[in-house]
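Structure first, commentary second.
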Amino acid sequence: MSAPRPVAVIPARYASTRFPGKPLAPIAGRPMIEHVWRRCQEARVFGEVLVATDDVRIREAVEGFGGTAVMTSPECATGTDRVAEVARARADVDVWVNVQGDEPLVDPDTLRVLAGLFADPAVEMGTLVRPLEAAEHTSPHVVKAVLALNGDALYFSRALLPFVREPGEAGAVRHWAHLGLYGYRRATLLRLAGLSPTPLEGAEKLEQLRALEHGVRIRCGQVAGHTVAVDVPGDVARVEAVLRGG
């Protein structure tokens with residue numbers, strides 16, 4: 001018998017310091033969370049697409065457009081914790097994919113790449129990277145990834161890594177930007193959710209470093225493009241412009 005297909009979970013929290021009610025923000029006539037849900041459905045690689053929330057307003061909106069919402073604890077500190085709470089009750093699913101709820105333009109093709117990483121039974125955890133653009137080299141808001149030859153992550157940083165000491169070696173080094181999408185084996189996800197924050201995680205403010213510091217290997221799928229996330233209300237217009245083809 002083949003293993004069940006991965007399940008996608010979209011964590012959606014109503015409370016947000018910079019953008020309260022963000023998952024329900026209207027974008028081109030639909031709530032943002034619906035755009036993310038539809039992109040996951042278009043990928044056609046998930047057995048289920050669930051929205052994990054702690055707010056009844058989000059649950060009602062999701063049910064209104066035909067989706068399935070799972071109520072989770074308001075005490076969940078991160079999206080990973082919310083996904084882990086859902087996975088804890090579902091021993092029948094081996095692979096879980098965490099899709100950020102503020103990525104209404106997430107590409108279904110990138111979701112297929114992420115899910116496909118788990119065809120290798122050795123993969124415990126997966127994520128995605130894309131080529132780093134020159135204008136992003138000094139931006140701490142674009143996370144950089146350093147990869148091993150087999151595609152596993154060696155490190156993630158807000159600084160430009162690796163440092164190229166001899167200019168002549170620059171052409172041999174590829175710089176990667178990290179995309180904040182993750183997949184996990186259920187056992188790995190539950191283990192990580194039970195671990196305390198680690199020193200490098202605290203220094204860089206990057207949750208994925210907790211996995212590396214505990215020896216969890218992260219396989220990185222390589223994709224070409226990147227998307228527009230919604231962090232503040234002003235980002236909605238940028239997303240709508242992309243949807244209009246502008």
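The values are calculated or read from the model by the stated rules, or taken from the named source; none is laboratory data. Computed from a predicted model, the values in this text were never measured in an experiment. Here the Cβ positions follow ideal geometry from the backbone for every residue, glycine too, while neighbour counts run over all protein chains shown. Keep in mind that these areas ignore ligands, DNA and RNA; they rest on the heavy atoms of the full protein, side chains included. Shrake-Rupley method; radii C 1.70, N 1.55, O 1.52, S 1.80 Å.
Annotations for the structure displayed:
- The range 44-94: trypsin sites (Lys or Arg not before Pro) falling in loop per DSSP and having at most 16 other Cβ within 10 Å: R44, R90
- The magnitude of the dipole of the range 101-194, with charges of +1 and -1 set on the Cβ of Lys/Arg and Asp/Glu and taken from the Cα centre, is near 300 debye.
- Chymotrypsin sites (Phe, Trp or Tyr not before Pro) lying in DSSP loop within the range 156-246, provided at most 10 other Cβ fall within 10 Å: F163
- Percentage relative contact order, the chain, counting C-alpha pairs under 8 Å, at least six apart: 22
- Separation of the range 75-149 and the range 168-246, taken as the distance between their Cα centroids, equals 6 angstrom.
- With R₀ set to 45 Å, the beta-carbon distance separating E42 from A203 gives a calculated FRET efficiency near 0.75.
- Heavy-atom accessible area order for E136, E240, E75, largest first, 1.4 Å probe: E75, E240, E136
- Charge sum, other residues only, whose C-beta stays under 15 Å from G202's C-beta, Lys/Arg counted +1 and Asp/Glu -1: -1
- Counting only protein chain heavy atoms and rolling a 1.4 Å probe, the accessible areas of K22, K144, K205 rank, largest first, as K205, K22, K144.
- Residue list for the range 75-111, given a label point 7 angstrom along the Cα-to-Cβ vector of S196 and an amide N cut-off under 20 Å: 76-78, 81
- Of the accessible area of the chain, computed with a 1.4 Å probe over protein heavy atoms only, carbon and sulfur atoms account for 54 percent.
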